[in-house]
Every structure is written in C-alpha cells, then in structure tokens.
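Read the structure below first, then the notes.
The values are calculated or read from the model by the stated rules, or taken from the named source; none is laboratory data. Just so it is clear, the model here is predicted, and its values are computed rather than measured. Reconstructed Cβ throughout: ideal geometry from the backbone, glycine too, with neighbour counts over all protein chains shown.
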Amino acid sequence: MSYIDKMTGYALPTPKYSVCLSYAMGVIDSMEAAVKDNLLEPLFCMPPAVTNDQIEDIVVKYVENHPEKRHLKGAAIVQAAMVQAFPCDGAQ
C-alpha cells in the first residue's frame, strides 16, 4: 500500500491519520532544518500559518492530480506537493 493510499480515507483523529500526517510533517521539518543549517537551498516557502489539515489536503490533492507519481517514495511526494503549493519564487 502506497503512502497516499494510507493517507486518504482517514477521518480525524484516527491513529492511521496521525501516522500519515506525522510522516508528512517529518519530511517538511527535516527539509526546513536542512535549509536552516545551510545544508539545502529552500525548495518551498511555506507560510507560517499553514495548518496540518492544509498540509494533508495539499499532499492528497497532489497525488490525485498526478497519479503517474504514485510509485514515488512518500518523501518525494510530500516534497513535490509542497514545492507546487508553495514555490519560493512568489508564483503562489
């Protein structure tokens, strides 16, 4: 079962939903930490007020709109979704 299959279809606050959201947040947090430590250039520029529910919606919508990417690792899916939703070039 893919990451997105695990993420979709769970209503709050089931344990499976919590695990999936925690995974997405872990990817985002690790990327933001790498940027802060100058180990990585920013790939996305997420506004500080973004909620967990918005992150879930962004990731799920990304995969629904890009079924050809379902084979990718979960981290790659989260990253691609965030880059599309929050580009650093101001194209939001």
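Do we have any residue at all in segment 65-75 that's of a type in the set (A, V, I, L, M), at pLDDT 85 or above, assigned to a helix (DSSP H, G or I) and on the phi < 0 side of the Ramachandran plot?
Filtering segment 65-75 for residues of a type in the set (A, V, I, L, M) gives 72, 75.
Cutting the leftovers down to at pLDDT 85 or above gives us 72, 75.
Add one more test, that the residue is assigned to a helix (DSSP H, G or I), and what stays is 75.
Restricting the remaining residues to those that are on the phi < 0 side of the Ramachandran plot gives 75.
Within segment 65-75, one or more residues are of a type in the set (A, V, I, L, M), at pLDDT 85 or above, assigned to a helix (DSSP H, G or I) and on the phi < 0 side of the Ramachandran plot.
What number of residues within segment 15-62 satisfy the criterion of being among the hydroxyl-bearing types (Ser, Thr, Tyr), out of contact with any helix residue (DSSP H, G or I) (no Cβ under 7 Å at 6 or more places or on another chain) and under 12 Å from residue 74 (Cβ atoms)? Walk me through it before giving the result.
First, pick out the residues of segment 15-62 that are among the hydroxyl-bearing types (Ser, Thr, Tyr): 17-18, 22-23, 30, 51, 62.
From what is left, the residues that are out of contact with any helix residue (DSSP H, G or I) (no Cβ under 7 Å at 6 or more places or on another chain) are 17-18, 22, 30, 51.
Retained after the next criterion (residues that are under 12 Å from residue 74 (Cβ atoms)): 22.
Looking only at that region, the number is 1.
Residues of segment 8-35 being at negative phi and at pLDDT below 60, which ones? Break it down into steps so the answer makes sense when it comes.
If we filter segment 8-35 for residues that are at negative phi, which is where we start, we get 8, 10-35.
Of everything in segment 8-35, those that are at negative phi and at pLDDT below 60 turn out to be 8, 10, 11, 12, 13.
Just need a number here: residues in segment 61-78 that are more than 12 Å from residue 23 (Cβ to Cβ) and either of a type in the set (Gly, Ala, Ser) or surrounded by 18 or more Cβ atoms within 10 Å (Cβ to Cβ) (or both).
Our first condition is that a residue be more than 12 Å from residue 23 (Cβ to Cβ); within segment 61-78, this holds for 61-72, 76.
Now narrow it down to the ones that are either of a type in the set (Gly, Ala, Ser) or surrounded by 18 or more Cβ atoms within 10 Å (Cβ to Cβ) (or both): 62-63, 76.
Qualifying residue count for the region: 3.
Check off (1) of a type in the set (Gly, Ala, Ser); (2) surrounded by 14 or more Cβ atoms within 10 Å (Cβ to Cβ); (3) within 14 Å of the chain's Cα centre (by Cα) for residue 34 and give me the number that stays unchecked.
All conditions pass for residue 34, except number (3).
Within segment 76-91, restricting attention to residues that are touching a residue at least 12 places away in the same chain (Cβ under 8 Å) and outside any helix (DSSP H, G or I), which residue is nearest to residue 27 (Cα to Cα)? Full working, then the answer.
Step one: filter segment 76-91 for residues touching a residue at least 12 places away in the same chain (Cβ under 8 Å), giving 77-88.
From what's left, outside any helix (DSSP H, G or I): 86-88.
Working: 86: 15, 87: 17, 88: 18 Å.
Once the filter is applied, the top-ranked residue is 86.
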